[in-house]
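The values are calculated or read from the model by the stated rules, or taken from the named source; none is laboratory data. Quick caveat: nothing in here was measured; it's all calculated off a predicted structure. Cβ placement follows ideal geometry from the backbone for every residue including glycine, while neighbour counts extend to all protein chains displayed. Just so you know, the surface numbers come from the protein's heavy atoms only, side chains and all, with ligands and any DNA or RNA stripped out. Shrake-Rupley method; radii C 1.70, N 1.55, O 1.52, S 1.80 Å.
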Amino acid sequence: MAQKIHGIIAYPITPFDESGIDTERLTALVETMVDAGVHAIAPLGSTGESAYLSFDEWKTVVDTTVAAVDGRVPTVVGSSDLTTAGAVMRAEYAQAAGASSVMVLPVSYWPLTDREIVQHYSSISDAISIPIVAYNNPATSGIDMKPALLHHMFETIANVEMVKESTGDIQRMLELTALSGGTLPFYNGSNPLVLEALMAGASGWCTAAPCLRPEPTIALYDAIVAGEIEQAKEIYAELLPLLKFIVSKGLPTAVKAGLEILGEPAGDPRLPLLPLEPADRVELESILAAVATA
């Protein structure tokens, strides 16, 4: 792996304007997070509204993000698609554009068997030479990849090198560690679980929080790495209301509202998603005001 992926993997929203993707705003957001010290940028996940973009829009986000990052940290491009052919096409494009790795969520109208999931990832792996992060989030995909399956893919599929686990079940992360003897890096995708996950050995935290408050997000990770657990707990307690809020209200909706509150409007989320309710916006203003910026 050319660039080790660890730490804070920041998920940018996809800004919109009247003409489509607001590339200037996306560039500014990515540069702000990289300058703040995040350890990787991961466009086109749930936060980035990937499911609601055309393929051309998706490519615009890839190109814009890779250019903005400019090799300073790894870029992990969300390359999921309903079809294997579509996922392969996206993964190939991401690699050609300069992505460090791709993140793939198995999404399908029909529930997939383990055999079908293995074939899906194998087909993607055969088409590219960069690492694949197998992303498990049954709440959004409807498909639950158990630790034994994820470990099997890690052992048998050449480019499946990492796992993002978003079920919020710490036992799954511990099981992945036990099955692999600690050789399979896993990343926490459940914001409220972050303190427990990092203390359990997660290699990083995949989160949209740096869009709004990068400094305390990074400080939390740094405190745990340094063994300053009491300090980490204090930072976590301060961040937790924000983490719970953005998850409960929907990441694109909540983060875009937060950016507008901070004077960095990024457009409304794309339909069928709707902007934050006025009462929720007031609550978010209060939450942001209570979270330190440095």
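Filter the stretch 66-102 down to the residues that are under 17 Å from the mean Cα position of the chain (by Cα) and among the hydroxyl-bearing types (Ser, Thr, Tyr), then identify the one that is nearest to Asn137 (Cα to Cα).
Looking at residues that are under 17 Å from the mean Cα position of the chain (by Cα) and among the hydroxyl-bearing types (Ser, Thr, Tyr), I get Ser80.
If you take just the helices (runs of 4 or more DSSP H) that sit entirely in the stretch 164-268, which of them hold at least 2 residues that are in contact with a helix residue (DSSP H, G or I) (Cβ under 7 Å, 6 or more places away or on another chain), touching a residue at least 60 places away in the same chain (Cβ under 8 Å) and open to solvent by 20 Å² or more (accessible area, probe 1.4 Å)?
Numbers: elements: 170-180, 194-199, 214-225, 229-248, 251-261.
Answer list for the stretch 164-268: 214-225.
When the residues of the stretch 104-119 are filtered to those that are β-branched (Val, Ile, Thr) and within 20 Å of the chain's Cα centre (by Cα), which remaining residue is least open to solvent (accessible area, probe 1.4 Å)?
Among those that are β-branched (Val, Ile, Thr) and within 20 Å of the chain's Cα centre (by Cα), it is Val104.
The rows are residues; the columns are (1) closer than 24 Å to Asn188 by Cβ; (2) touching a Leu at 6+ places or on another chain (Cβ under 8 Å); (3) surrounded by 22 or more Cβ atoms within 10 Å (Cβ to Cβ).
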residue	(1), (2), (3)
Ala67	no, no, no
Arg72	yes, no, no
Thr75	yes, no, yes
Leu82	no, no, no
Met89	no, no, no
Ala127	no, no, no
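Is there a residue in the stretch 16-28 that is surrounded by fewer than 24 Cβ atoms within 10 Å (Cβ to Cβ), within 20 Å of Gly71 (Cα to Cα) and in contact with a strand residue (DSSP E or B) (Cβ under 8 Å, 6 or more places away or on another chain)?
Scanning the stretch 16-28, I find at least one residue that is surrounded by fewer than 24 Cβ atoms within 10 Å (Cβ to Cβ), within 20 Å of Gly71 (Cα to Cα) and in contact with a strand residue (DSSP E or B) (Cβ under 8 Å, 6 or more places away or on another chain), so the answer is yes.
Looking at the stretch 131-142 only, could you name the residues that are surrounded by fewer than 19 Cβ atoms within 10 Å (Cβ to Cβ) and modelled with pLDDT of 95 or more?
If the condition is that a residue be surrounded by fewer than 19 Cβ atoms within 10 Å (Cβ to Cβ) and modelled with pLDDT of 95 or more, then no residue fits.
Within the stretch 273-294, restricting attention to residues that are free of Cβ contacts under 8 Å to residues at least 40 places away in the same chain and not in a helix (DSSP H, G or I), which residue is farthest from the chain's Cα centre (by Cα)?
Per the stated criteria, the residue is Glu277.
Of the numbered conditions (1) modelled with pLDDT of 95 or more; (2) under 17 Å from Met103 (Cα atoms), Leu29 satisfies every one except a single condition; which is it?
Here Leu29 meets the rest and fails (2).
Check off (1) open to solvent by 30 Å² or more (accessible area, probe 1.4 Å); (2) closer than 28 Å to Thr23 by Cβ for Ala289 and give me the number that stays unchecked.
If we test Ala289 against (1) open to solvent by 30 Å² or more (accessible area, probe 1.4 Å); (2) closer than 28 Å to Thr23 by Cβ, just (2) comes out false.
Consider the stretch 123-149. How many of its residues are in a helix (DSSP H, G or I), of a type in the set (A, V, I, L, M, F, W, C) and under 18 Å from the mean Cα position of the chain (by Cα)?
Restricting attention to the stretch 123-149, the residues satisfying the condition of being in a helix (DSSP H, G or I) are 123-127, 138-141, 147-149.
Checking which are of a type in the set (A, V, I, L, M, F, W, C) leaves us with 124, 127, 139, 148-149.
This time we only want the ones that are under 18 Å from the mean Cα position of the chain (by Cα), so: 139.
Qualifying residue count for the region: 1.
Anything in the stretch 29-60 that is touching a residue at least 24 places away in the same chain (Cβ under 8 Å), surrounded by fewer than 21 Cβ atoms within 10 Å (Cβ to Cβ) and among the polar types (S, T, N, Q)? List them, or say none.
The answer is Thr32, Thr60.
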